[in-house]
1. Answer yes or no as to whether Ser52 is within 17 Å of Val10 (Cβ to Cβ), within 16 Å of ligand 2 (Cβ to nearest atom) and hydroxyl-bearing (Ser, Thr, Tyr).
2. At pLDDT 95 or above, small (Gly, Ala, Ser), within 17 Å of Leu161 (Cβ to Cβ) and within 16 Å of ligand 1 (Cβ to nearest atom): does that describe Gly70?
3. I need the full set of residues from the stretch 291-311 which are open to solvent by 60 Å² or more (accessible area, probe 1.4 Å), within 26 Å of Leu244 (Cα to Cα) and either touching a residue at least 24 places away in the same chain (Cβ under 8 Å) or not basic (Lys, Arg) (or both), in order please.
4. What is the number of the single condition among (1) in contact with a Ser or Thr (Cβ under 9 Å, 6 or more places away or on another chain); (2) within 16 Å of ligand 1 (Cβ to nearest atom) that Leu181 does not meet?
5. Please give the number of the condition Leu296 fails out of (1) farther than 26 Å from Pro173 by Cβ; (2) modelled with pLDDT of 85 or more.
6. In the set Leu145, Leu114, Leu134, which member is more than 13 Å from ligand 1 (Cβ to nearest atom) and modelled with pLDDT of 95 or more?
7. Of all residues being within 16 Å of ligand 1 (Cβ to nearest atom) and of a type in the set (A, V, I, L, M) in the stretch 27-48, which is farthest from Ala105 (Cα to Cα)? Just the residue, please.
8. Mind listing just one residue for me: the one in the stretch 130-162 that is crowded, with 20+ Cβ neighbours inside 10 Å and touching a Phe, Trp or Tyr at 6+ places or on another chain (Cβ under 9 Å) and, of those, nearest to Ile41 (Cα to Cα)?
Amino acid sequence: MVKQATSLSVVIPVYNELGNLSLLHQRVSDVMSSMNIEYEIVYVDDGSTDGSFPLLEQLAATDLHVKVVGLSRNFGQTAALAAGVAHSSGEILILLDADLQNDPADIPRLLARLEEGYDLVSGWRRRRRGDGWLRCLLSRLANLLVSRIAGIAIHDLGCTLKVYRRAVFAHVPLYGEMHRLLAAYAALAGARIAEVEVTHHPRYAGRSHYGLSRTLKVLLDLLILKFYRSFATRPQQLLGLPGLLALALGMAFLPLALVLPLLARRPRVGSWSGPVLLGGAGCCCFSLLSLQLSVLAEMLMRTYHESQNKRPYVVRCLVSGAERCECW
Ligand code: UDP
Ligand code: MG
């Protein structure tokens, strides 16, 4: 149970989930009202074409806890979650899928863990149902990679059922398909993260919106995560160092190509001077491009930070005398 008086927002992205919505709403409402805490349920209709939106309108008309955000077309799950977060007002956010694979009955346990002093509590679908063995295996591998790259011990980043303190979203980007890596980005910003085992069911109605290709996309997102973790504030080093190395190689190869025919009069050694010359020229070209790109990347990074007044750090609290101010 959440001890302090606080308000909760449940954010649920909905894309063609007509068959799930009535039961979902009933289950979420039952759990939320049983906790005696001020709450709202924000449904984000992500351009559904199956009549989900009119049903959500009906729910909003009959239940004052319901807010519906209707997007103009299908923008994808991450964008839908971003819209839900932007239109919610609770201090604590609960993110949940609409297909009843996650069980709303787990919400109080996640909230209780959050109250132990965490910024984010992530659901762990230890026993996944209805997702197929290949999908589970790929997801397990991806989770291993992500937790290594982000440096967090989390088993199941892909589980949407998570609870967050609102401050987390001030430091976490929500672009593309980043919802799967939300916890990893939060960890990079310094969020305190815990994990709680949750129940997982097969989809109640309808079909998953994703295929196996999603895992490949996660791998691409990981590349950005790695970049974000290691080079976000110093991209010049990523491209500049290989550029310098190639320059050194090129500078060594070029004179070698000239002296090789003179040093060794044997035709077999002399014939190496062509490939060495080519290699040297290639290295020089590569280094020129890398160094130019590294300067561009550095300028982009500075524009990114300075134009949006972004800081390369996150302050958790400020202490002055006996006063302590929690910033997130
Ligand atoms: N979803 C969405 N926009 C999309 C795809 C999915 O809002 O473009 C919602 C969907 O309605 C569901 C959640 O995102 O509430 C998770 O989708 P799904 O169950 O298909 O994903 P899976 O559980 O297979 O990973
Ligand atoms: Mg699902």
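1. On the way: within 17 Å of Val10 (Cβ to Cβ): yes; within 16 Å of ligand 2 (Cβ to nearest atom): yes; hydroxyl-bearing (Ser, Thr, Tyr): yes.
Yes, satisfied.
2. It is false that Gly70 is at pLDDT 95 or above, small (Gly, Ala, Ser), within 17 Å of Leu161 (Cβ to Cβ) and within 16 Å of ligand 1 (Cβ to nearest atom).
3. Gln292, Leu293, Val295, Leu296, Met299, Leu300, Thr303, Tyr304
4. (1)
5. So the condition that Leu296 fails would be (1).
6. Values: Leu145 fails: modelled with pLDDT of 95 or more; Leu134 fails: modelled with pLDDT of 95 or more.
Exactly one residue qualifies, and that residue is Leu114.
7. Initial filter on the stretch 27-48 (within 16 Å of ligand 1 (Cβ to nearest atom)): 27-28, 41-48.
From the residues that got through so far, the ones that are of a type in the set (A, V, I, L, M) too are 28, 41-42, 44.
Working: Val28: 8, Ile41: 15, Val42: 18, Val44: 21 Å.
The extreme case among them is Val44.
8. The residue in question is Cys159.
The values are calculated or read from the model by the stated rules, or taken from the named source; none is laboratory data. What you see is a predicted model, and the numbers here were worked out from it, not measured in a lab. Cβ atoms come from the backbone with ideal geometry, glycine included; neighbour counts cover every protein chain shown. All accessible areas refer to the heavy atoms of the entire protein, side chains included, with ligands and DNA or RNA removed. Shrake-Rupley method; radii C 1.70, N 1.55, O 1.52, S 1.80 Å.
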